[in-house]
1. Just to be sure before I move on: is ILE65 under 12 Å from the mean Cα position of the chain (by Cα) and surrounded by 15 or more Cβ atoms within 10 Å (Cβ to Cβ) in the structure I sent?
2. Collect the residues in the range 35-79 that are without any contact (Cβ under 8 Å) to a residue 24 or more places away in the chain and among the aromatic types (Phe, Trp, Tyr), keeping them in residue-number order.
3. Would you point out the residue of the range 12-35, among those that are modelled with pLDDT under 90 and of a type in the set (A, V, I, L, M, F, W, C), that is farthest from GLU83 (Cα to Cα)?
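The values are calculated or read from the model by the stated rules, or taken from the named source; none is laboratory data. Small disclaimer: the values here were computed from a predicted structure and weren't measured. As a convention, Cβ positions derive from the backbone with ideal geometry for all residues, glycine included, and neighbour counts pool all protein chains shown.
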Amino acid sequence: MKMDINETQKYQFGANREDYIRTIVTTVYEALKEKGYHPVSQMVGYILSGDPTYITSHNNARALIRKIERDELLEAMVKYYVENR
């Protein structure tokens, strides 16, 4: 399929990216819970500040959460909330 050079291409991550984000969020949530933290508060702190120390390194959670841009993480969470109300 040939595209006109003046057309804007759209790239969407699709279901695979959503699954990837869901897996990471779930893993991080569980790691925070296992360490006795309030997972939602810790994740909100991370999203708002960008400070990775809000996320425990337990089960590699800190490294995992940093694989997702914070704005992408927030977008996925809002989308999930709106679509599943």
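1. Values: under 12 Å from the mean Cα position of the chain (by Cα): yes; surrounded by 15 or more Cβ atoms within 10 Å (Cβ to Cβ): yes.
It is true that ILE65 is under 12 Å from the mean Cα position of the chain (by Cα) and surrounded by 15 or more Cβ atoms within 10 Å (Cβ to Cβ).
2. TYR37, TYR54
3. So, considering only residues that are modelled with pLDDT under 90 and of a type in the set (A, V, I, L, M, F, W, C), the one farthest from GLU83 (Cα to Cα) is PHE13.
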